[in-house]
Amino acid sequence: MYSDKENVLQTVALLCAHGIREAVICPGSRNTPLAVSLVECSDVETYAVTDERSAGFFALGRALESRCAVAVCCTSGTALLNLHPAVAEAFYQQVPLVVLSADRPGAWIGQKDGQTVPQPDVFGGLVRRSVSLPEIRSDEDRWYCNRLLNEALLETDHHVKGPVHINIPLSEPLFGFGEERLPEVRTIRRHNALNERLSADMTASKRPMIVLGQQFEGDLLLPEGVVCLSEHTGNHPQGTIRNFDALLYTLGEKERTAFAPDLLITLGGHIVSKRLKEFLRKHPPLRHWDLDPTGRIEDLFRTLTDVVEVDDPRTILSQLSLKGDPAFYARWEERSRAISAPCFPYSEMAAVGALMGQLPQGAVLHLANSSVVRYAQLFEVDSSVEVHCNRGTSGIEGSLSTAVGYAAASHRPNFMVIGDLSFFYDMNGLWNGHLNPNLRLMLLNNGGGEIFHILPGIGMTPLKDRYVAASHTTRAEGWARECGFEYVAVTCDEELKDAVRRLTSEEKFPRPLFVEVFTRKEEDARLLKMYYHQLK
């Protein structure tokens, strides 16, 4: 019988799934759930060695002979430290070892309890990957545990072989052994090219979908008749569905399954849409390939099954002979076309839409984080416009400075749309001697963080309005003029139309242009909620 500890069961199941067939076991009480489960597993040959220092080198010798990864299991405390010499030798000889260390719960580390030392990352740079598993109490814990185990085990043989460390906290009681079999577990595989199994997945797929994340360079040759989703920050809008966030909002619960893919292919960087993340997590595909030049495990949708490591992920798309069911493609295309471009009364959204609709060809559009980048996704943009946003960490700091730096190095017209909190946080971005006349800035000033008024459940009281949404009455006019901008204030629809015409004019300005659009955040929030309500 196996241990009833879920993180132990996942560990043993994934050791087997990744082809690890030998384990050296050292004695102890904290690692008893793991030791018994390894011995119980008929797919793993186990060897008992009392001294951890010797056990590590014994495992090293077996791995050298077999050229396959070997696990070594120890209890908590200084037992783990005794494996350090063998781990160091394995690292420099590039030998695959899997160190499995039982640990006390984190709450008891450093509290004068027995056999407690800080075990995560104890080997520093002498392992290729170090993870500490959660104790599983929720579905998210279960997914996280599975992901960490896959990450670590894949690193035993990624470009070069070497040791990895998997730390496993275990709470008492330790000695429940009521499980008759190991669980079914997701096994993530890494490939350096398309292979027969991936090609079989591709051929069998009836509902393939490609999701393009943030990327800036090069063109994509997309397979015809395949659902391809991309946000403006993907910079490859031709042939893709860009209004998918609004589209997903229109789907009733019963029809969502019909829009879910059975094969998901992802490449590029970050995705803004929370709705897409929630949709794919609730309706996971059978297979999910991530095309990535580094081979990293990045499991945004909790669905990853395969990482295809290629120098340029874009080139592989032209090799895909995806076909699928034409009805699936038609379903997405028809629903996308049925969603009209929104027409907002005077508001922040109206300002963003007006500017995006008149951007000159070949321009660069910089979007600040939070509300602005989400507003932009509601509107179409010319395919020649290059779109940038600091989505690496999605912070509000630095959006303005990044745009100023880009414009200073560019000969094209550069447009920046930014909210008031992002602007005033980074207003020193205008305090330098490198402002070019090709920079045209639109500040949306509604007196605070508008996004906090549309987040479900937040309930803005006057207290939260001050401390969460950071309400203010600040204007940018004085600072904009001081920094050398031509300044225009906008308070109504007619003024907005005039300001956008001036912003997008092909006339060469002697100074950079600054347009400050004043709206009311409560009204902006009301109009946005009304728009999404009408979509349903």
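The values are calculated or read from the model by the stated rules, or taken from the named source; none is laboratory data. Given the structure is predicted, the values throughout are model-derived calculations rather than measurements. A quick note on method: Cβ atoms are made from the backbone with ideal geometry, for glycine too, and the neighbour counts reach across all protein chains shown. Heads up: the accessible areas ignore ligands, DNA and RNA and are worked out on the full protein's heavy atoms, side chains in. Shrake-Rupley method; radii C 1.70, N 1.55, O 1.52, S 1.80 Å.
Remarks
- Hey, Ser384 hydroxyl-bearing (Ser, Thr, Tyr) and at pLDDT below 95 or not: yes
- Reported count of residues in segment 179-191, each being out of contact with any Phe, Trp or Tyr (no Cβ under 8 Å at 6 or more places or on another chain) and either surrounded by 17 or more Cβ atoms within 10 Å (Cβ to Cβ) or within 16 Å of Val39 (Cβ to Cβ) (or both), is 6.
- Some residue of segment 320-340 being in a strand (DSSP E or B) and open to solvent by 10 Å² or more (accessible area, probe 1.4 Å): no
- Filtered by the rule that a residue be in contact (Cβ under 8 Å) with a residue 60 or more places away in the chain and surrounded by 14 or more Cβ atoms within 10 Å (Cβ to Cβ), segment 469-492 gives a lone residue, Val490.
- Test: Leu198 is in contact with a Pro (Cβ under 6 Å, 6 or more places away or on another chain), at pLDDT below 95 and either over 23 Å from Ser42 (Cβ atoms) or open to solvent by less than 40 Å² (accessible area, probe 1.4 Å) (or both): no
- Between Leu439, Leu496, Leu444, the distinction of being touching a Pro at 6+ places or on another chain (Cβ under 9 Å), among the aliphatic types (A, V, I, L, M) and at pLDDT 90 or above belongs to Leu439 only.
- Summed over segment 250-261, the residues that are open to solvent by less than 30 Å² (accessible area, probe 1.4 Å) and assigned to a helix (DSSP H, G or I) give a count of 2.
- Residue, farthest from Leu251 (Cα to Cα), within segment 298-319, restricted to residues that are open to solvent by less than 20 Å² (accessible area, probe 1.4 Å), in a loop (DSSP other than H, G, I, E, B) and not aromatic (Phe, Trp, Tyr): Thr305
- Taking each residue of segment 360-379 that is touching a residue at least 40 places away in the same chain (Cβ under 8 Å) and looking for partners that are assigned to a helix (DSSP H, G or I) and hydroxyl-bearing (Ser, Thr, Tyr) with beta-carbon atoms closer than 6 Å, six or more apart or interchain, yields Ala368/Ser399; Ala368/Ser422.
- Candidates Leu247, Leu264, Leu222, filtered to the one that is open to solvent by less than 50 Å² (accessible area, probe 1.4 Å) and within 13 Å of Leu300 (Cα to Cα): Leu264
- Count of segment 211-259 residues, restricted to those that are more than 22 Å from Ser340 (Cα to Cα), under 19 Å from the mean Cα position of the chain (by Cα) and of a type in the set (S, T, N, Q), is 2.
- Qualifying residues in segment 405-420 (those that are of a type in the set (A, V, I, L, M, F, W, C) and surrounded by fewer than 24 Cβ atoms within 10 Å (Cβ to Cβ)) - the one nearest to Trp479 (Cα to Cα): Ala408
- For the residues Asp113, Asp121, Asp103, Asp139, the requirement of being open to solvent by 60 Å² or more (accessible area, probe 1.4 Å), closer than 28 Å to Tyr92 by Cα and of a type in the set (Asp, Glu) singles out Asp121.
- Residue selected from segment 409-429 under the condition outside any loop (DSSP other than H, G, I, E, B) and without any contact (Cβ under 8 Å) to a residue 40 or more places away in the chain, by the criterion nearest to Arg374 (Cα to Cα): Tyr425
- Listed here are the strands (runs of 3 or more DSSP E) enclosed by segment 33-146 that have at least 3 residues being under 27 Å from Gly295 (Cα atoms) and touching a residue at least 60 places away in the same chain (Cβ under 8 Å): 97-103.
- Residues located in segment 386-401, provided they are in contact (Cβ under 8 Å) with a residue 40 or more places away in the chain, crowded, with 20+ Cβ neighbours inside 10 Å and part of a loop (DSSP other than H, G, I, E, B): Cys389
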